[in-house]
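What follows is one structure encoded as structure tokens, with my remarks underneath.
Read the figures in this text as sums done on the coordinates, not as results from a lab. As the structure is a prediction and not an experimental result, all values here were calculated from the model. Cβ placement follows ideal geometry from the backbone for every residue including glycine, while neighbour counts extend to all protein chains displayed.
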Amino acid sequence: MRKPPAVILISGRGSNLQAIIDAVAHDALPLAIRAVISNRPRAAGLQHAQRANIPTRIIDHTQFPDRQHFELALQQAIDAYAPRLVILAGFSRILSPQFVAHYRGKILNIHPSLLPLFPGLDTHARALQAGVTEHGASVHIVTSDLDSGPVILQARIPVLPEDTATSLAARVLEQEHRLYSLAIRRFVEQELSKGKEYDDAGTYTQSLT
Ligand code: GRF
């Protein structure tokens with residue numbers, strides 16, 4: 001299968017990034033990762049990218065006067081790689097409707113809850129507090145409303161009586177690592193089935209037939 005070009009945005013640890021890199025390396029995910037961009041200069045995930053010889057960029061949000069200027073720089077950095085997909089993997093900045101519109105239908109995110117339940121932060125603690133019997137993670141297409149775009153795939157786990165927010169987060173994270181590649185793969189397959197093609201260099205072209 002042709003490999004659509006992707007840029008991955010991170011802010012921290014990068015364990016989901018590593019899982020995606022591994023899936024690509026094992027031919028389980030048809031993706032050409034063009035670059036990893038972090039808004040935090042010391043994000044540990046940058047090292048995962050460097051070890052895999054993926055170009056990295058830092059667009060530090062603290063160096064810009066406001067969100068608009070930060071997003072403009074981020075957009076320019078992303079567009080230099082002409083990605084078909086922008087993958088948020090633990091990217092901690094909220095994106096403006098203008099930014100999302102620029103990449104409409106092309107930005108994917110992973111969120112640690114069974115959306116529409118628990119958008120936003122502290123999902124594991126809130127799930128425990130709410131007394132739900134199941135929790136999990138969702139991969140969705142990003143729209144301008146926070147954590148609420150169309151869901152591509154979810155992973156579900158039972159909440160155990162002895163669970164703490166930490167133990168629940170660890171078990172959900174294990175699922176996230178499996179889930180994200182599966183969901184990206186599904187998204188890419190759907191794109192291709194709509195007649196979109198990528199040449200060997202990963203450049204996107206619309207099939208004319
Ligand atoms: C994950 O729990 C993800 O669902 C959320 O942020 C966390 C990122 O973890 N959006 P990592 O940086 O991929 O390890």
With -39,500 (n - 2.57) per DSSP H segment of 4 or more residues and division by the full residue count of the chain, the 222 nm estimate, nearest 500 deg cm²/dmol, is -11000 deg cm²/dmol
State, as an integer percentage, the relative contact order of the stretch 67-169 based on alpha-carbon contacts under 8 Å between residues 6 or more apart.
24 percent
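With charges only on Cβ, +1 for K and R and -1 for D and E, what is the dipole size of the chain about its Cα centre, in debye, rounded to 20? Present the calculation step by step, with values, prior to reporting the outcome.
Values: 21 positive and 19 negative charges, 62 e Å.
With only Lys, Arg, Asp and Glu charged at Cβ, the dipole is about 300 debye.
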With point charges of +1 on the Cβ of Lys and Arg and -1 on the Cβ of Asp and Glu, referenced to the Cα centre of the chain, which listed residue (Ile107, Ile33, Phe91) lies farthest in the positive direction of the dipole?
Ile33
Which whole-angstrom value gives the distance between the alpha carbon centres of the stretch 108-148 and the stretch 1-80?
22 Å
Full-extension gain between Leu173 and His69, please, as 0.36 nm times their residue separation minus the C-alpha to C-alpha distance.
34.2 nm
Here the relative contact order (percent) of the chain, from C-alpha pairs under 8 Å and at least 6 apart, is 22 percent
